[in-house]
1. If I build a Gaussian network model for the chain, linking alpha-carbon pairs within less than 10 angstrom, which residue out of ARG141, ARG232, ARG216 has the largest mean-square fluctuation?
2. Taking a virtual spin label 7 Å from the Cα of LYS239 along the C-beta vector, which residues in segment 108-143 bring their backbone nitrogen under 12 Å of it?
3. Rounded to whole Hz and in sequence order, give me ³J(HN,Hα) for segment 44-56 from the Karplus expression 6.51 cos²θ - 1.76 cosθ + 1.60, θ = phi - 60°, writing x for Gly and Pro.
4. Between segment 193-215 and segment 66-105, what's the alpha-carbon centroid distance in Å?
5. May I ask for the equivalent-ellipsoid semi-axes of the chain, computed as the square root of five times each C-alpha gyration tensor eigenvalue and listed largest first in whole Å?
6. What is the Cα convex hull volume of segment 104-183 when expressed per residue in Å³?
7. How much of the pair distance distribution for segment 117-270 lies past 27 Å, counting alpha-carbon pairs only, in percent?
8. Can you give the direction-averaged projected area of the convex hull of the alpha-carbon atoms in segment 171-256, in nm²?
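The values are calculated or read from the model by the stated rules, or taken from the named source; none is laboratory data. On a predicted model such as this, the values are computed, not experimentally measured, just so you know. Cβ placement follows ideal geometry from the backbone for every residue including glycine, while neighbour counts extend to all protein chains displayed. Quick note on the areas: whole protein, heavy atoms, side chains included, nothing else; ligands and nucleic acids left out. Shrake-Rupley method; radii C 1.70, N 1.55, O 1.52, S 1.80 Å.
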Amino acid sequence: MITHPTAQRVLISRPSLSLSDFVLRYYLPFARKNKRSWKMDEGNLERYVLPYLGTYQLDEISAEQLDNWNNLLMSQNFSYGSRFRFFWMLKYVLNCAVRWGHLKDDSKFKSANMPAKPGRSPLILSTKKAKELIQILDEHRKWPAAGIIHLLLITGANLAEILNARWEDIDLQKGTLATSKTFTGRVRLIPLNSDALKLIQKLPRYADIPWLFSTRTGNKLTSIWREWEIIRRELGMPKLCIQDLRHTFAKFLMDTGISQNEVRNIMGHYRIATLENWRKKYDAS
């Protein structure tokens, strides 16, 4: 467990802090040193948490206040996904206050809960549709986004892993792509099959540009949504999500007889239950 460098496990005698004071004096300095997502935390806290709850003392924040805050955000048309992220980030901050001795315990806010919204069932491409997608991607092969989408389909990688891929991460002899842009932050090796290797070898490579896929100015691509919108509509599946390509790859693996454990090893952080739930609904339909 990561702890604040000056944390004490036993509550000590110290003046009560407001949530704003705790965040600015203790939480954010800790997050900057220990969390890759600290900038996101900082922005979300400053915009969506502290304006509403910042003046409250830590020991005044209760489950009821968290519910009221959540309802207020909902009345301001914040999406469920955004409110879900803000809520659990704030509970993490409050739990840090307990662990670091600024709060006696979590009794006042412990019962506050916001379960994840049930997700949509993934759209799994059939073999025919997958081939059709590859044909469309080939027609748009001048777009870097087309190569990215193709790699997602045939490797099961996450979008962030491909967008952040550098040429130095590729090992053509071993057939791997090394990436640290994972859910856990750890380096993992993405296996590259023969089709993926052929695709990568055909990509243009420019001097002084480290990225596998880059913009015309040589910067790293950060979004493919405009191209993806065009491609999925040409495929006749306007609701197809990028993540559905990952589910499709997992299904292809399992259809070849690969065990669930092997699928996890190949794909890293992947919930097999998502695919199993889809199969149950598919079989029942």
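1. In this elastic network of the chain, the residue with the biggest mean-square fluctuation among ARG141, ARG232, ARG216 is ARG216.
2. 120-124
3. Karplus values, whole Hz, x for Gly and Pro: 5, 5, 5, 8, 10, 10, 4, x, 9, 10, x, 7, 6.
4. Result: 42 Å between the Cα centres.
5. 42, 23, 19
6. For segment 104-183, the hull spanned by Cα atoms encloses 186 Å³ per residue.
7. Of all Cα-Cα pairs in segment 117-270, 20 percent lie more than 27 Å apart.
8. Averaged projected hull area, Cα only: 7.8 nm².
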